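A short worksheet on the structure shown next.
The values are calculated or read from the model by the stated rules, or taken from the named source; none is laboratory data. What you see is a predicted model, and the numbers here were worked out from it, not measured in a lab. Don't worry about glycine lacking a Cβ; one is built from the backbone with ideal geometry, like all the others, and counts go over all protein chains shown. With ligands, DNA and RNA removed, areas are computed over all heavy atoms of the protein, side chains included. Shrake-Rupley method; radii C 1.70, N 1.55, O 1.52, S 1.80 Å.
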Amino acid sequence: MNALLLSAVLGVVMMFSGIWLKSKSAIRNVAIVGMALLLVVNILEMSGMIFFRIDTKGMIVFDRFALLFDSIAFLSTLLYLFLSAQDIEKVGINYADYFALIFFILCGITLTSSFKSLLILFLGVEIISIPLYILTGSDKRNLKSNEASLKYFLLGSFSTGLMLMGIALIYGDKGSFDTNSINLITETPSALIVAGMLLLLFSMAFKVSAAPFHFWAPDVYDGAPTVFTSFMATIVKAAVFIAFIRLFEEAFGNLQNKWQLLMAIITVATLFIGNITAVFQQSVKRMLAYSSIAQAGFMMLSVYAMNAEAKEGLLLYSAAYSFATIGIFAVLIKMKDYTFDGFNGFAKHQPLLAATTTIFLLSLAGIPLTAGFLAKFYMLKAALGTGKYLWLVIFAVIMAAVSVYYYFRVIQAMYFKEGDPPVLQITPVFKWTLVILAALVILLGIFPNLLLTWYYF
Amino acid sequence: MPINYYIFLSLALFCIGIVGVLTRRNAIIIFMCIEIMLNAVNLLLVAFSKMHHLKNAAINATAGTDGQIFVFFIMVVAAAEVSVGLAIIVMMYRNIHSVDVNFLNRLKH
């Protein structure tokens, strides 16, 4: 509850700081201090210090799972602001408002991670989506940005319509929006429940860009300003996954044998399309967009498996994936040329940046000693734990091997090719934050319990 | 009136909205079709709310009211979406002087 209220207040504070503060660095500092405060307040709530006790009639419950994910999201956003807050300046003139929108999105993230009622799920998803439409189109003179935001807006509100229809049909059968009372389903669910569940499944698959509904993602991620792509492809995607797994565990857990096969098919399709299409990309930004679809396929494994390892694994995965991808995007923003050739000879001119980027890429590919390896390991273990569909696990391993190809292409360009890539100005803060991110990736790869003990104690 | 009539009416409206979104090319008309979808959901929720109220009023005097409260939330969110969506459409119109979504195919290459 602390973080929910504070993030909304901070959003308003940022809007006013745009009026009162004249210098851009002051606005940036307010945002970073606010973000750090948000993280501290949330960690205090995990250790039992709750500042606001509001009776939500059981519609919102902040359990360990929700609070730990919120902490991961806030920490990632804090690191993201350290890395990229200066680059947000170049997007447009409304500098403070972009931070305000980011805080509003975080407010939505706290809602989607802790809902117990479908009403809160709907509100949370919308509070995340509406600021994202604006951030996508924030580069107003750029046609690609316009196009991406219009496409995202039309398809996003279409999928919201599907979600609402699903909620309405479930309400028709159960007479309640509470997830626990929806879960009291006997062996033969009515047609209304099945139709509502399918509509909710489709709309959530749409929001996380899982396979048959992924077509918007590459275009939107490519068209949006790169700083905001970094935010929406990592933290927001992980948050929607948390909502996805919560929804299907708490509201439809008893129907698992009905939706499990469908989930497995979506997982296979997402892994296949994401990885195979990423191989053929020429632009690193577009490659990362497809790679985020491929990583979504791995996260779908946890929704498919839905057991204790799956929830642990999803937390670890969201941390590993967010840290690594934020780091790569931060380096990418500093490049002038987004193609693979733009990275030629990067290691000679920027050895530190190249080394950290290599660690992030290794983590995304799932090489041991990085967080990405253990995250993928947890996912596969969870999928094996269900005792069904062994082919799904084998297929996922093969696709992880395919992903090595396109991640290593960047490493190859950086270390084994000659060139002189133009790089924008790099500050010491930027370098140090990258080093911290790389250290976190390796640390989580060796001691995952540093993160996961928080889930239990 | 039996609940089936309401269900059929709102499903028909919802399908009109879906078909419109998938076939029309004008961004504003697509947007109106999305609004029809949302309003079909509103109608359905109100009908279900009344149904649950009649069924359970003897046990619980406020049974079924949560469906009607949900409708208000949908209206508020839809209004927020309209304001953002029209701003995006106007922004696109300023740049290309058209609201045709066929334009959206440029990002593919």
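What Rg and what Dmax come out for the stretch A:45-117 when only alpha-carbon atoms are used, in angstroms?
Cα only, the stretch A:45-117: 15.0, 44 Å (Rg, Dmax).
Rg and Dmax of the stretch A:252-457, using alpha carbons, in Å: what are they?
17.8, 58
Could you work out the relative contact order of chain A, using alpha carbon pairs under 8 angstrom and six or more residues apart, expressed as a whole percent?
15
Taking chain A as the region of interest, what is the percent of Cα-Cα pairs per 20 angstrom bin, listed from the shortest bin to the one with the maximum distance?
Bin by bin from 0 Å, the calculated values are 26, 61, 13, 0.
Other chains near B:85-96: what is the mean number of their Cβ atoms within 10 Å of each residue's Cβ?
Across the residues of B:85-96, the mean count of other-chain Cβ atoms within 10 Å is 5.
Which FRET efficiency, nearest 0.05, do B:Ala61 and A:Ser190 yield, Cβ-Cβ r, R0 25 Å?
After rounding, the FRET efficiency stands at 0.45.
In whole Å, how far is the Cα centre of the stretch A:404-457 from that of the stretch A:126-200?
One Cα centre to the other: 34 Å.
When all protein chains stay in place, what accessible area (Å², nearest 10, 1.4 Å probe) is found for A:Val12?
The accessible area of A:Val12 comes to roughly 70 Å².
For chain A, what does the helix formula give at 222 nm: sum of -39500 (n - 2.57) over DSSP H segments with n ≥ 4, over the residue count, nearest 500 deg cm²/dmol?
My calculation for chain A gives -25500 deg cm²/dmol from helical runs alone.
Take every residue in peptide A:173-181, count the Cβ atoms of other chains within 10 Å of its Cβ, and give the average of those counts.
3
Thinking of the stretch B:1-64 as a set of Cα atoms, what percent of all their pairs are more than 14 Å apart?
The share of Cα pairs beyond 14 Å in the stretch B:1-64 comes to 61 percent.
Per the 1.4 Å probe, what fraction of the accessible area of the protein assembly as shown, in percent, lies on carbon and sulfur atoms?
Carbon and sulfur: 69 percent of the exposed surface of the protein assembly as shown.
Could you work out the pair-distance distribution P(r) of the stretch A:306-375 from its alpha-carbon pairs, with 5 angstrom bin width and percents rounded to whole numbers?
In whole percents, the pair-distance histogram is 3, 17, 22, 21, 15, 10, 6, 4, 2, 0.
Round to a whole angstrom and tell me the spacing of the C-alpha centers of the stretch B:47-108 and the stretch A:227-273.
23
If you take the accessible area of A alone, add that of B alone, and subtract the area of the pair, what total do you get in Å², probe 1.4 Å, to the nearest 100?
So the buried area, both faces added, is about 3700 Å².
Could you give the nm distance between label points at A:Asn94 and A:Ile442, where each point is 7 Å from its Cα heading toward the beta carbon?
Modelled inter-label distance: 4.2 nm.
Please give me the summed charge of the neighbours of A:Val91: other residues whose Cβ is under 10 Å from its Cβ, Lys and Arg +1, Asp and Glu -1.
-1
Where only protein heavy atoms count, and the probe is 1.4 Å, what is the accessible area per residue for the protein assembly as shown in Å²?
The answer is 38 Å² per residue.
What nm distance separates the two modelled labels at A:Asp55 and A:Phe16, each placed 7 Å from Cα along Cα→Cβ?
Output for this residue pair reads 3.1 nm.
Determine the sum of side-chain charges near B:Asp66: Lys and Arg each +1, Asp and Glu each -1, restricted to other residues whose C-beta is under 12 angstrom from that of B:Asp66.
Overall, the nearby charge balance is +1.
Let me cross-check A:Asp178: its accessible surface, 1.4 Å probe, with only protein heavy atoms counted, in Å² to the nearest 10?
50
Mark the label point 7 Å from the Cα of A:Ala36 along Cα→Cβ and return the residues of the stretch A:61-78 whose backbone N is within less than 14 Å of it.
Backbone N within reach: A:75, A:78.
Report, in cubic angstrom per residue, the convex hull volume of the C-alpha atoms of the stretch A:406-457.
Once divided by residue count, the hull of the stretch A:406-457 is 131 Å³.
Bins of 5 Å, beginning at zero and ending with the bin holding the largest distance: percent of Cα pairs per bin for the stretch B:27-98, please.
3, 15, 18, 16, 13, 10, 8, 6, 4, 3, 2, 1, 0
Work out the length of the dipole vector of chain B about its Cα centre, built from +1 on the beta-carbon of each Lys and Arg and -1 on the beta-carbon of each Asp and Glu, and round it to the nearest 20 debye.
Its charge dipole is roughly 280 debye.
How many angstrom lie between the Cα centre of the stretch A:70-98 and the Cα centre of the stretch A:299-338?
18
Counting Lys +1, Arg +1, Asp -1, Glu -1, what net charge surrounds A:Ala66 among other residues with beta carbon under 15 Å of its beta carbon?
-2
Suppose we keep just the alpha-carbon trace of the stretch A:109-150; what are its Rg and Dmax in angstrom?
13.5, 41
Going from most exposed to least, what order do B:His97, A:His214, A:His349 have by accessible area with a 1.4 Å probe?
These residues rank, largest area first, as B:His97, A:His349, A:His214.
List the residues of the stretch A:109-125 for which accessible area in the full set of protein chains is at least 10 Å² lower than for the chain on its own; 1.4 Å probe, protein heavy atoms only.
A:Leu119, A:Phe122, A:Leu123
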